[in-house]
Amino acid sequence: MSNTYYAPHGGHPPQTQMTADRAVFTEAYAVIPKGVMQDIVTSQLPFWNDTRLWVLARPLTGFAETFSQYIMEVQPGGGSDKPELDPNAEGVLFVVEGEMVLTLAGEKHTMVPGGYAFIPPGTDWQLRNESGEPVRFHWVRKAYEFVEGIDVPEAFVVNENDIAPTEMPDTEGRWATTRFVEPTDVRHDMHVTIVTFQPGGVIPFDETHIMEHGLYVLEGKAVYHLNQDWVEVEAGDFMWLRAFCPQACYAGGNQPFRYLLYKDVNRHPKLKINAL
């Protein structure tokens with residue numbers, strides 16, 4: 001199986017472009033459309049060379065609480081020997097364009113589009129673009145919630161094309177999820193998966209649940225019901241959904257609607273609001 005993934009390339013819109021866009025920011029959800037990801041909103045990171053990034057989500061009052069998410073763009077020869085500065089941070093990398101070399105505890109892994117890596121907290125890792133073209137990848141970060149008596153999960157590198165999607169019950173394959181870890185493995189306190197809807201596939205009810213979500217649309221388009229609103233989304237758009245935000249969707253167009261999905265799982269909710 002071969003998949004395509006949308007990746008931003010930046011740039012700057014002309015003065016003739018209409019100012020209005022599809023961006024939405026509310027206390028229940030946010031939509032950051034692909035047109036927002038221009039040169040002017042990129043950031044830099046310490047100890048990363050020839051690299052820029054778009055920050056899609058970060059912990060913020062009234063916004064994401066449990067995670068941050070970046071789209072990284074590393075030029076040929078760029079990368080980092082000291083990529084993660086927080087010893088408690090776990091991460092997931094997902095390649096959408098180009099090629100990179102990830103070194104985990106001295107072992108090198110060449111990652112291409114569809115490549116997925118889980119990096120536990122405290123891991124010794126480095127990343128380099130040894131190719132002749134830029135590489136673009138998602139980096140999802142979360143403060144790992146240690147539990148006494150539960151081991152920290154090990155690092156791994158896979159490619160989504162080598163994993164069979166799991167069909168949702170009674171959907172005749174119209175709705176499926178590519179899972180990179182077992183849902184019952186409580187060592188993991190976050191899941192980053194890929195959800196696929198065939199054209200016409202639906203979430204037929206308003207999901208209303210404790211998991212916070214970050215959704216980056218990799219391919220296709222859909223109409224999403226978020227809280228009390230209907231919004232159109234397409235490849236390159238990012239959505240943040242607060243815990244308990246009602247959500248449903250209808251996949252449109254003539255190609256699959258696919259997104260990279262983050263959610264927090266397998267831990268007790270904090271009993272104090274400021275205990276994050």
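The values are calculated or read from the model by the stated rules, or taken from the named source; none is laboratory data. Bear in mind the structure is a predicted one, so any value in this text is a computation, not a measurement. Methodologically, a virtual Cβ is constructed for each residue, glycine included, from the backbone with ideal geometry; neighbour enumeration extends over all protein chains shown. Ligands, DNA and RNA are excluded from the accessible area calculation, which covers all protein heavy atoms including side chains. Shrake-Rupley method; radii C 1.70, N 1.55, O 1.52, S 1.80 Å.
Per-structure values
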quantity: Strands (runs of 3 or more DSSP E) within the range 1-109 that include 1 or more residues over 28 Å from E207 (Cβ atoms) and more than 16 Å from the chain's Cα centre (by Cα); calculated: 49-57, 68-80, 100-104
quantity: Residue match in the range 73-87 (condition: among the acidic types (D, E) and buried (at least 16 other Cβ atoms within 10 Å of the Cβ)); calculated: yes
quantity: Count of the range 166-206 residues which are open to solvent by 40 Å² or more (accessible area, probe 1.4 Å), in a strand (DSSP E or B) and hydroxyl-bearing (S, T, Y); calculated: 1
quantity: Members of the range 257-276 that are under 22 Å from I194 (Cα atoms), in a loop (DSSP other than H, G, I, E, B) and of a type in the set (K, R); calculated: R267
quantity: Matching entry among V147, V152, V92 (being of a type in the set (A, V, I, L, M), open to solvent by 10 Å² or more (accessible area, probe 1.4 Å) and touching a residue at least 60 places away in the same chain (Cβ under 8 Å)); calculated: V147
quantity: Any pair with Cβ under 9 angstrom, 6 or more apart, that starts in the range 221-234 at a residue that is within 10 Å of A251 (Cα to Cα) and ends at one that is acidic (D, E) and in a strand (DSSP E or B); calculated: K221/E232; K221/E234; A222/E232; A222/E234; V223/E232; Y224/E232
quantity: Filtered residue count, the range 213-256, keeping only those that are open to solvent by 10 Å² or more (accessible area, probe 1.4 Å), part of a loop (DSSP other than H, G, I, E, B) and at negative phi; calculated: 8
quantity: Subset of the range 100-129 that is free of Cβ contacts under 8 Å to residues at least 40 places away in the same chain, over 26 Å from P59 (Cα atoms) and of a type outside the set (A, V, I, L, M, F, W, C) - its residue that is most open to solvent (accessible area, probe 1.4 Å); calculated: K108
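Here is a yes/no grid of residues against (1) small (G, A, S); (2) under 13 Å from R136 (Cβ atoms); (3) out of contact with any Asp or Glu (no Cβ under 8 Å at 6 or more places or on another chain):
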{"position": "V55", "(1), (2), (3)": "no, no, yes"}
{"position": "R58", "(1), (2), (3)": "no, no, yes"}
{"position": "F67", "(1), (2), (3)": "no, no, no"}
{"position": "I71", "(1), (2), (3)": "no, yes, yes"}
{"position": "V74", "(1), (2), (3)": "no, yes, no"}
{"position": "G78", "(1), (2), (3)": "yes, yes, no"}
{"position": "E84", "(1), (2), (3)": "no, no, yes"}
{"position": "P87", "(1), (2), (3)": "no, no, yes"}
